[in-house]
């Protein structure tokens, strides 16, 4: 696999936009409903992505879509129908800081899947590195208050299950990005998955209150742009040249890069212990980047 700095840059920027988008996604899911966020939000995102793909002249091929229809089907099922629905329902029921911690389990799912199904060798130093990475993420997310993850809530279970579904989608997303293109892979899977969810939106969430819930709709649109259009497209692009487990691990950078935005929008700051956790994440992220460069 050829090493590219662009791939790593995309892998770093993707969690930044995703981190900021999660703030708006959580608010939208609680004001509107998870089904609206996934169904209507996904369709809006898909339309914008098709427009951008055309604008940037990304090559489109029906023949390639037909050839990789199995990968596309699995991606729709794992990432949209299962992953996004579980994650959004989880966000609507649990606290944001707990969700941030629980999402850090994703790299372990990616490593396990790579070892079981792709026969990739997992070295002991990789496991140790991710372990230290996870400790930093726990400190950053909880601020040392570990009791915050002691409550068994259904929302937490949804988030954990969603991470497993997202991890299973990495290999399929990589194949589609390499052969169909980052934007079209994102737009097609998001559009089809959202259309499948749409009937349930009208069954369980209709009628919509556009006036009373205007804030929720505004949050939804901002989330769609930040995550579906920018963050997820960068995720697909990063998978073209960076290993899946490294892309997943670098998502820990999201809270670090998103902290200034959280301060500007919400007035939130990190306490000294959380800053210590942030330093751990930055160091281990650098080591992960260095490992990828050596391996490539």
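The values are calculated or read from the model by the stated rules, or taken from the named source; none is laboratory data. Note that the structure is a prediction, hence the values are computed from the model and not measured. So basically every Cβ, Gly included, is an ideal-geometry build from the backbone, and we count neighbours across all protein chains shown.
It is to be established whether one or more residues within region 173-182 are at negative phi, crowded, with 24+ Cβ neighbours inside 10 Å, in contact (Cβ under 8 Å) with a residue 12 or more places away in the chain and not in a helix (DSSP H, G or I). Please lay out each step first, then the result.
Our first condition is that a residue be at negative phi; within region 173-182, this holds for 173-180, 182.
Now restrict to residues that are crowded, with 24+ Cβ neighbours inside 10 Å: 173, 176, 180, 182.
Keeping just the survivors that are in contact (Cβ under 8 Å) with a residue 12 or more places away in the chain gives 173, 176, 180, 182.
Applying the additional criterion that residues be not in a helix (DSSP H, G or I) yields 180.
Within region 173-182, one or more residues are at negative phi, crowded, with 24+ Cβ neighbours inside 10 Å, in contact (Cβ under 8 Å) with a residue 12 or more places away in the chain and not in a helix (DSSP H, G or I).
Residue under question is residue 3, and the condition is that it be at pLDDT below 80, outside any helix (DSSP H, G or I), over 30 Å from residue 203 (Cβ atoms) and in contact with a helix residue (DSSP H, G or I) (Cβ under 6 Å, 6 or more places away or on another chain); does it hold?
Numbers: at pLDDT below 80: yes; outside any helix (DSSP H, G or I): yes; over 30 Å from residue 203 (Cβ atoms): yes; in contact with a helix residue (DSSP H, G or I) (Cβ under 6 Å, 6 or more places away or on another chain): yes.
Yes: the conditions hold for residue 3.
Please state which one of 144, 136 is touching a helix residue (DSSP H, G or I) at 6+ places or on another chain (Cβ under 9 Å), modelled with pLDDT under 80 and outside any helix (DSSP H, G or I). Working first, answer last.
On the way: 136 fails: outside any helix (DSSP H, G or I).
After applying the criteria, what remains is 144.
Are any residues in region 107-129 within 30 Å of residue 27 (Cα to Cα) and at pLDDT 75 or above, and if so, which ones? Walk me through how you get there before you give the answer.
Restricting attention to region 107-129, the residues satisfying the condition of being within 30 Å of residue 27 (Cα to Cα) are 107-110.
The answer is 109, and nothing else.
Could you identify the single residue in 20, 38 that is at pLDDT 90 or above, surrounded by 20 or more Cβ atoms within 10 Å (Cβ to Cβ) and in contact with a helix residue (DSSP H, G or I) (Cβ under 6 Å, 6 or more places away or on another chain)?
Values: 20 fails: at pLDDT 90 or above.
Just a single option satisfies the conditions, and that option is 38.
Is there a residue in region 151-167 that is surrounded by 15 or more Cβ atoms within 10 Å (Cβ to Cβ) and at pLDDT below 70?
No: region 151-167 contains no residue that is surrounded by 15 or more Cβ atoms within 10 Å (Cβ to Cβ) and at pLDDT below 70.
Please verify whether region 47-70 includes one or more residues that are on the phi > 0 side of the Ramachandran plot, surrounded by fewer than 23 Cβ atoms within 10 Å (Cβ to Cβ) and not in a helix (DSSP H, G or I).
The initial filter retains those residues of region 47-70 that are on the phi > 0 side of the Ramachandran plot, namely 57.
When the remaining residues are screened for being surrounded by fewer than 23 Cβ atoms within 10 Å (Cβ to Cβ), the result is 57.
Still in the list and also not in a helix (DSSP H, G or I): 57.
Within region 47-70 (the criterion being on the phi > 0 side of the Ramachandran plot, surrounded by fewer than 23 Cβ atoms within 10 Å (Cβ to Cβ) and not in a helix (DSSP H, G or I)), the answer is yes, since at least one residue qualifies.
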